[in-house]
Amino acid sequence: MDLSPISSSLQQHHYCHVPDFRELIDIPPAAAESFRAHWEDLVRDEAFKDYTYRERRILRYRLLPSRQLEMNTNPAFESPVTYAVNYRKGVNMLSYAQASFIAHPVLQQLVAADIAILEPYLGDHAYSIDIHQFRVIAQGQSSSPTTSGIHQDGLDWVFMHFVDACNTTPVVSNIYLNEKAESRVLSVPMTRFLETLVVEDRIAYHQAGDVQQLSAEAPAWRDILVLGVRREHSDAERGAC
């Protein structure tokens, strides 16, 4: 698979929208359905319960300079940035991903493709990779925010892979040059399985609309897989900052 056009676009614009990401990997018959099914057993994100109704699990790796992946099974997650919304700051003890999800061929190929896209920019460094399964739910004629406003996540790159949605009005994903709404450079409702946005998080900002019910008779939900990549700095580099 030729991922160089995505890599080049990311370098030129600091973001890239890939509607047909699914076509870049080999998905066996019925694999898409079994992959989506892993969003049926997520756990309420208690740290954000006063801001949104969100369920999630986490999967963590270290990407070594050799490009080997080393699993990090620590579920204690702390974002490197603080968001300007109502949530419990600090360490968030999350539920770890299920073994069947970790071994799933769609996930394995997604992770490999994301790393391959970044290959020209990784250099001789180690990176932390955090993979989040998110489901945002709206019910009772209320809406649930999808993201923490126009923001950066304190990472180097963020991949947002759309997985599924049900009974939602269009949830539009936006990319910005800065934290101001008028700097928007892309606006797209992601609807295709594995439709993807990639953002160079050190430069660009992103945001998505709320999940709202299309019909008040049933809950609405939106499933997404977020893969965040952050370079690990040595003690010497930290001391030089």
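To the nearest 20 debye, what charge dipole does the range 1-116 have about its Cα centre, counting +1 at the Cβ of each Lys and Arg and -1 at the Cβ of each Asp and Glu?
Working: 12 positive and 14 negative charges, 93 e Å.
Computed charge dipole of the range 1-116: roughly 440 debye.
Using +1 on the beta carbon of Lys and Arg, -1 on that of Asp and Glu, and nothing else charged, what's the dipole of the range 3-239 about the Cα centre, debye to 20?
Numbers: 21 positive and 30 negative charges, 69 e Å.
Taking the Cα centre of the range 3-239 as origin, the dipole is about 340 debye.
Name the longest site-free stretch of the chain, where the excluded sites are trypsin sites (Lys or Arg not before Pro) in a DSSP loop with no more than 14 other beta-carbon atoms within 10 Å. Walk me through the numbers before you get to the answer.
Working: sites that count: LYS49, ARG67, ARG88, LYS89, LYS180, ARG192, ARG202.
Between exposed loop sites, the widest span is 90-179.
Counting helices only, and only those DSSP H runs with n ≥ 4, report the 222 nm mean residue ellipticity of the chain as the sum of -39,500 (n - 2.57) divided by its residues, in deg cm²/dmol to the nearest 500. Please report the intermediate quantities before stating the final value.
On the way: 5 runs with 44 residues, N = 241.
One gets -5000 deg cm²/dmol as the mean residue ellipticity at 222 nm.
Do any GluC sites (Glu not before Pro) in the range 51-82 lie in a DSSP loop with no more than 16 other beta carbon atoms within 10 Å, and if so, which?
Details: sites: GLU55, GLU70, GLU78; in loops: GLU78.
Within the range 51-82, the qualifying GluC sites (Glu not before Pro) (loop, at most 16 other Cβ atoms within 10 Å) are GLU78.
State the percentage of accessible surface on the range 3-239 attributable to carbon and sulfur atoms; use a 1.4 Å probe and exclude ligands, DNA and RNA.
Details: 5360 of 10930 Å².
With neighbouring chains kept in place, the figure for the range 3-239 is 49 percent.
What does the charge add up to near GLU55, with Lys and Arg as +1, Asp and Glu as -1, over the other residues with Cβ less than 12 Å from its Cβ?
On the way: positive: ARG44, LYS49, ARG54, ARG56, ARG57, ARG135, ARG222; negative: GLU40, ASP41, ASP45, GLU46, ASP223.
Net charge in that neighbourhood comes out at +2.
Specify the inter-centroid distance of the range 87-140 and the range 4-66, based on alpha-carbon positions, in whole Å.
Each part reduced to its Cα centre gives a spacing of 6 Å.
Note down the net charge around ILE150, summing +1 for each Lys or Arg and -1 for each Asp or Glu among other residues with Cβ under 10 Å from its Cβ.
Numbers: positive: LYS180, ARG184; negative: GLU179.
Net local charge, ILE150 excluded: +1.
When only DSSP loop residues count, what GluC sites (Glu not before Pro) in the range 129-237 have their Cβ near at most 14 other Cβ atoms within 10 Å?
Here the sparse-neighbourhood loop sites are GLU179, GLU217, GLU232.
Within a Cβ distance under 14 Å of GLN141, other residues only, what is the Lys/Arg minus Asp/Glu net charge? Please list the in-between numbers first.
Numbers: positive: none; negative: ASP210, GLU217.
Residues near GLN141 contribute -2 overall.
The values are calculated or read from the model by the stated rules, or taken from the named source; none is laboratory data. Keep in mind that what you see is a predicted model, and the values were worked out from it rather than measured. Note that each Cβ is placed from the backbone with ideal geometry, even for glycine, and that neighbours are counted across all protein chains shown. Accessible surface is based on the protein model in full, side chains and every heavy atom, while ligands, DNA and RNA are left aside. Shrake-Rupley method; radii C 1.70, N 1.55, O 1.52, S 1.80 Å.
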